[in-house]
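Before any comments, here is the structure.
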Amino acid sequence: MNDMSKAPVIARPIPFIDLQAQRRRLGGAIEEAMERVLAHGQFIMGPEVAEFEAKMAAFCGAPHVISCANGTDALKLALRAHGVGAGDAVIVPGFSFSASAEAVVIVGAAPVFCDVLEDSFNIDPASVARAAAAARRAGLRPKAVMTVDLFGLPADYPAIEAVAASEGLIVVSDAAQSFGATLNGVDVGNFGAITATSFFPSKPLGAYGDGGCLFTADAEVASLLRSLRQHGEGKDRYDNVRIGVNSRLDSLQAAVLLAKLSIFAEEIEQRQRIAARYNEALADVVEVPRVTNSARSVWAQYTIKLANRDKVQASLKAAGVPTAVYYPRSLHQQPAYLDFPEADGGLPVAESLSRRVLSLPFHPYLDAATQDYIVGKLRAAIAAP
């Protein structure tokens, strides 16, 4: 990368995630897709939904794909489809967004928080066993472990699945940030008993509203999910064989996602190049994210670690560089979750990360001049007394 001592002048505001650049790349494809929905008028469960599910299955190789209304619903449906409910414990990493634990509580179970790894931000397999022990002491039945592939990097599924097998746990993959990533040559969507993802607009594959999806290799679970997402229907909409919910991906969002999916593989490649460029420019001044040779991140966020985070963040804001902190407080420290158990030994890594992480502007269309400006201002902020 070029010398950053003299960062270029950037006249326009810098977006944290530039969705408009993606829209310009797609041209009129999204508008045309939405016009087709408006023309046929099948706004709920229209043909775009089935087409999108089929193309998602082809993209990642998952045998069954079931769309739903949002990523949190995807987690709730995944838990319900595997019988998780009252008296059960689901082990959840403390360093995550609230939806991970929220879904557990909503289905009637209890989250039990475990720690994460310093290098990957992902769940610590050793802490899973300690969380299961804490759950049993609290009178709960450890039923599942919910991985969270943070910032686009798949968790260490072989290690987690080994611990899960020894503890009798179902593995629920929370891939809200990692769809499009791989581990050991296997695409996200094929790990654990079931995978859930989100199409919130800021995700690597994002809709123009809410949306979610589930992936499973089990045909019976897939059939159950289709029933659960649509009021527990049986042979038709007026045959209610179970208590379900209303959680359908609407046709307009499916149309948007179909257009975006057509360029998603190319965007993933662009994300690799931009992340590598950040790493090259910043490795000597901050802790940059690292990805092992066995994994490929989809880089939902580019997150660094530094000791003087608040000072640096304020300096970047003054220079017109937006940043974000994911997450300023771990879940086990949030008021809503203080009464739930945590793994033996606590969550020291999660607590430490919440004080040190900082996410920089990142998207597939981040041009070199803007990236150079961001890097230059960051280096200057770190060097300032």
- Message: Suppose the filter is crowded, with 24+ Cβ neighbours inside 10 Å, out of contact with any strand residue (DSSP E or B) (no Cβ under 7 Å at 6 or more places or on another chain) and among the acidic types (Asp, Glu); does Asp124 pass it?
- Response: no
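Run down Ser166, Ser198, Ser202, Ser127 and say which single residue is more than 30 Å from Leu360 (Cα to Cα) and either under 14 Å from the mean Cα position of the chain (by Cα) or of a type in the set (Ser, Thr, Tyr) (or both).
Answer to the selection: Ser166.
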- Task: Please report, ordered by residue number, the strands (runs of 3 or more DSSP E) entirely within the stretch 114-200 with at least 2 residues that are more than 26 Å from Ile66 (Cα to Cα).
- Result: 141-148
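Looking only at the stretch 263-285, how many residues end up being in a helix (DSSP H, G or I) and among the β-branched types (Val, Ile, Thr)?
2
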- Task: Any chance you could count how many residues in the stretch 140-159 are farther than 19 Å from Leu214 by Cβ and more than 10 Å from the chain's Cα centre (by Cα)?
- Result: 6
- Query: If a residue has to be closer than 15 Å to Phe151 by Cβ and free of Cβ contacts under 8 Å to residues at least 12 places away in the same chain to count, how many in the stretch 324-366 make the cut?
  - Reply: 0
- Task: List the number of the failed condition for Ala276; all other conditions in (1) outside the structural domain of Leu79 (by TED's automatic domain parsing); (2) closer than 21 Å to Ala196 by Cα hold.
- Result: (2)
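On the basis of being among the hydroxyl-bearing types (Ser, Thr, Tyr), within 30 Å of Pro201 (Cβ to Cβ) and crowded, with 24+ Cβ neighbours inside 10 Å, does Ser100 make the cut? Give the derivation first.
Working: among the hydroxyl-bearing types (Ser, Thr, Tyr): yes; within 30 Å of Pro201 (Cβ to Cβ): yes; crowded, with 24+ Cβ neighbours inside 10 Å: yes.
Here the answer is yes, as Ser100 does meet what is asked.
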- Note on the structure: Picking from Gly41, Gly28, Gly46, the residue that is small (Gly, Ala, Ser), exposed (fewer than 11 other Cβ atoms within 10 Å of the Cβ) and at pLDDT 95 or above would be Gly41
- What tally of residues in the stretch 203-220 results from selecting those that are over 11 Å from Val65 (Cα atoms), touching a helix residue (DSSP H, G or I) at 6+ places or on another chain (Cβ under 6 Å) and buried (at least 20 other Cβ atoms within 10 Å of the Cβ)? 3
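From the list Asp284, Asp239, which residue is at pLDDT below 95 and surrounded by fewer than 16 Cβ atoms within 10 Å (Cβ to Cβ)? Walk me through it before giving the result.
Values: Asp284 fails: at pLDDT below 95.
Step by step, each of Asp284, Asp239 is checked, and only Asp239 is at pLDDT below 95 and surrounded by fewer than 16 Cβ atoms within 10 Å (Cβ to Cβ).
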- Message: Of everything in the stretch 100-111, what is closer than 19 Å to Leu353 by Cα and of a type outside the set (Ser, Thr, Tyr)? Give them in sequence order.
- Response: Ala101
- Members of the stretch 317-338 that are more than 26 Å from Tyr373 (Cβ to Cβ) and over 18 Å from the mean Cα position of the chain (by Cα): His332, Gln333, Gln334, Pro335, Ala336, Tyr337, Leu338
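Quick check on Ala135: is it out of contact with any helix residue (DSSP H, G or I) (no Cβ under 8 Å at 6 or more places or on another chain), crowded, with 23+ Cβ neighbours inside 10 Å and of a type outside the set (D, E, K, R)?
Working: out of contact with any helix residue (DSSP H, G or I) (no Cβ under 8 Å at 6 or more places or on another chain): yes; crowded, with 23+ Cβ neighbours inside 10 Å: yes; of a type outside the set (D, E, K, R): yes.
Here the answer is yes, as Ala135 does meet what is asked.
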- Looking at (1) part of a helix (DSSP H, G or I); (2) among the small types (Gly, Ala, Ser); (3) buried (at least 21 other Cβ atoms within 10 Å of the Cβ), which is the only condition Ala89 fails? (1)
- Note on the structure: Conditions (1) closer than 30 Å to Phe121 by Cα; (2) modelled with pLDDT under 95 -> Pro63 fails only (2)
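Can you find, within the stretch 205-237, the residue that is farthest from the chain's Cα centre (by Cα) among those that are assigned to a loop (DSSP other than H, G, I, E, B) and acidic (Asp, Glu)? If you could, list the steps in order and put the result at the bottom.
We begin by selecting, within the stretch 205-237, every residue assigned to a loop (DSSP other than H, G, I, E, B); these are 205-211, 217-218, 229, 231-232, 234-237.
This time we only want the ones that are acidic (Asp, Glu), so: 210, 218, 236.
Values: Asp210: 14, Asp218: 22, Asp236: 33 Å.
Looking at the filtered set, the residue picked out is Asp236.
How about the stretch 244-262: which of its residues are in a helix (DSSP H, G or I) and without any contact (Cβ under 8 Å) to a residue 60 or more places away in the chain?
Our first condition is that a residue be in a helix (DSSP H, G or I); within the stretch 244-262, this holds for 251-261.
If the condition is that a residue be in a helix (DSSP H, G or I) and without any contact (Cβ under 8 Å) to a residue 60 or more places away in the chain, then Gln253 is the only one that fits.
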- Task: Please go through the stretch 330-385 and pick out each residue that is closer than 25 Å to Val112 by Cβ and among the acidic types (Asp, Glu).
- Result: Asp339, Glu342, Asp344, Glu351
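The rows are residues; the columns are (1) out of contact with any helix residue (DSSP H, G or I) (no Cβ under 8 Å at 6 or more places or on another chain); (2) more than 24 Å from Ser96 (Cα to Cα).
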position	(1), (2)
Pro335	yes, no
Leu338	no, no
Pro341	no, no
Ala369	yes, yes
Lys377	no, yes
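The values are calculated or read from the model by the stated rules, or taken from the named source; none is laboratory data. Computed from a prediction, not measured in an experiment: that's the story for all the values here. When we count neighbours, we look across all protein chains shown, and the Cβ atoms used for this are built from the backbone with ideal geometry, even at glycine.
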